[in-house]
Amino acid sequence: AEELALRLAVAEQRVADAGRLRTHSHLCVEQAIGACAMLRDATFGVFHRARMEAVARGGAEVVLSTDPARAEIRSGGTVLGAIDLAADYGVELTLSRSREQVELSFDALGLGRVSSQTLILSKGDAEARLVVSAYGRVRRQ
């Protein structure tokens, strides 16, 4: 949880820095790409925490929404943590098959159950991707 908070703080600063630069500048694109990559890593951390919570609590879910862009960790109906990508960072989230919301479940062993999904985090022309396999394994792309 502390590592996730630190990654979010760094990502927030990079997104803020990118927002202060002109959009046509090469530096702005580079900053936006860096910010998207940092938020991708923070979102990766959400999946890691969800797996740990699933083992500890007998199950957990990651709920991803596109409008507004948000990632939540839930277990037993309780929200255990969340990242508000749109409001806090100005980042858009696109899900596979143009879905608006998806719930990726993890069982008591920390394994995903039919969790296949591709997440695209974007800000302007910059984007970063996460691919979630059917068993909940997450990889950066």
Output the residues belonging to the stretch 123-136 that are open to solvent by 20 Å² or more (accessible area, probe 1.4 Å), among the small types (G, A, S) and touching a residue at least 60 places away in the same chain (Cβ under 8 Å). G124
Give the stretch 125-141 a look and list any residue that's touching a Gly at 6+ places or on another chain (Cβ under 9 Å) and closer than 19 Å to G34 by Cα, or say none. A126
For G76, all conditions in the list (1) under 17 Å from A42 (Cα atoms); (2) free of Cβ contacts under 8 Å to residues at least 24 places away in the same chain hold save one; what is the number of the exception? (1)
Candidates G34, G112, filtered to the one that is touching a helix residue (DSSP H, G or I) at 6+ places or on another chain (Cβ under 6 Å) and at pLDDT below 95: G34
Extreme residue, modelled with the highest pLDDT, among residues of the stretch 115-138 that are within 17 Å of M52 (Cα to Cα) and under 12 Å from the mean Cα position of the chain (by Cα): V132
Determine whether V15 is β-branched (V, I, T), at pLDDT below 70, surrounded by 20 or more Cβ atoms within 10 Å (Cβ to Cβ) and within 23 Å of Q141 (Cα to Cα). yes
A careful count of residues in the stretch 119-139 that are under 21 Å from G90 (Cβ atoms) and in a strand (DSSP E or B) gives 10
Pairs returned, first residue in the stretch 90-110 that is of a type in the set (V, I, T), second residue that is assigned to a strand (DSSP E or B) and surrounded by fewer than 13 Cβ atoms within 10 Å (Cβ to Cβ), beta-carbon separation under 6 angstrom, 6 or more apart or interchain, are none
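The values are calculated or read from the model by the stated rules, or taken from the named source; none is laboratory data. Keep in mind the model is a prediction, meaning the values are calculated, not measured. Backbone-built Cβ (ideal geometry, glycine too); neighbour counts: all protein chains shown. These area figures cover heavy atoms from the full protein model, side chains too; ligands, DNA and RNA do not enter into them. Shrake-Rupley method; radii C 1.70, N 1.55, O 1.52, S 1.80 Å.
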